[in-house]
1. (1) closer than 30 Å to I44 by Cα; (2) of a type in the set (F, W, Y); (3) modelled with pLDDT of 95 or more: which one isn't true of W146, the others all being true?
2. Limited to the stretch 119-155, what total is found for residues that are touching a residue at least 60 places away in the same chain (Cβ under 8 Å), among the aliphatic types (A, V, I, L, M) and under 14 Å from A38 (Cβ atoms)?
3. Provide a single number: the residues in the stretch 70-87 that are surrounded by fewer than 18 Cβ atoms within 10 Å (Cβ to Cβ) and in contact with a Phe, Trp or Tyr (Cβ under 7 Å, 6 or more places away or on another chain).
4. Only residues in the stretch 92-118 that are surrounded by 13 or more Cβ atoms within 10 Å (Cβ to Cβ) count as the first member; pair them with residues that are modelled with pLDDT of 90 or more and charged (D, E, K, R), Cβ under 7 angstrom, at least 6 apart or cross-chain, and list the lot.
5. List the residue pairs whose Cβ atoms are under 6 Å apart, where the first residue sits in the stretch 25-39 and is more than 11 Å from A157 (Cα to Cα), the second is part of a helix (DSSP H, G or I), and the two are 6 or more positions apart or on different chains.
6. Count, please, the residues in the stretch 171-194 that happen to be farther than 18 Å from H83 by Cα and either surrounded by 18 or more Cβ atoms within 10 Å (Cβ to Cβ) or under 21 Å from the mean Cα position of the chain (by Cα) (or both).
7. Please go through the stretch 136-170 and pick out each residue that is surrounded by fewer than 21 Cβ atoms within 10 Å (Cβ to Cβ), at negative phi and not in a helix (DSSP H, G or I).
8. For the stretch 85-103, give me each residue that is in contact with an Asp or Glu (Cβ under 9 Å, 6 or more places away or on another chain) and within 22 Å of W166 (Cβ to Cβ).
Amino acid sequence: MSKKHDKKPEEIPCLEGYQAEKRTISIVAANLWAIGVALALVMIGMLLLLLCYPVGDGTMWLFGSSMLLLACLIAIVVHELIHGLTWMAVTHSSFKHLTFGLMSGAVYCHIDVPMTKRAYCCGALMPLLLLGVVPYIVSLIVGNLWVMLFGATMIGAAMGDVLIVWAIRKESPDTMVYDHPSEPGCLLYHLQAE
């Protein structure tokens, strides 16, 4: 008989004079956006590469696809580390405030420190920039199919983060935000009316 090790529910911090509002996203919607965006970027990237660079003989396809799969699996972990390290930097907190795990089959990073919306968005979008946008653009400049496929996949993998940031886009940059401990999204803290 195996014991199920569930994460204990974390208490949502109370900020005096503020009321918390939950803003979460659907995992299904995030996955659909991820697939759609990644496929669109792959098609655009392949078209641009075919127009700008000569086609090779295809002998590296099997090796390249194996390396791409390995790189993407490693990048999933690196993606979450980038979230955590960025949030640590912008909140001046330590590694002990981070939690890593699985949520609905997806790897996640959670920080238990409230921060401004500006800081939260910085940490939420940093993996998109570093693992997705930069490799994708570089791949089109140097003409590398594998880097383009990696970048497109990592942009797709960041769609959940993009949807979370989109959900809070109208909030003031200085609004206090707390990463939701058990759902994809966050909590916003609004001043309570007196």
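1. (3)
2. Here the count works out to 5.
3. 1
4. Partner pairs satisfying both residue conditions: H97/D112; F100/E80; V107/E80; Y108/E80; C109/E80; H110/D179; I111/D179; K117/E171.
5. Matching pairs, first to second residue: I25/L163; I25/I164.
6. Going residue by residue through the stretch 171-194, those that are farther than 18 Å from H83 by Cα are 171-175, 188-194.
Pick out the ones that are also either surrounded by 18 or more Cβ atoms within 10 Å (Cβ to Cβ) or under 21 Å from the mean Cα position of the chain (by Cα) (or both) and you get 171, 173, 175, 188-189.
Matching residues across the stretch 171-194 total 5.
7. Within the stretch 136-170, N144, I168, R169, K170 qualify.
8. If the condition is that a residue be in contact with an Asp or Glu (Cβ under 9 Å, 6 or more places away or on another chain) and within 22 Å of W166 (Cβ to Cβ), then W87, M103 are the ones that fit.
The values are calculated or read from the model by the stated rules, or taken from the named source; none is laboratory data. Just so we're clear, the structure is a prediction, and the values are computed from it rather than from any experiment. Note: ideal-geometry Cβ built from the backbone for every residue, glycine included; neighbour counts use all protein chains shown.
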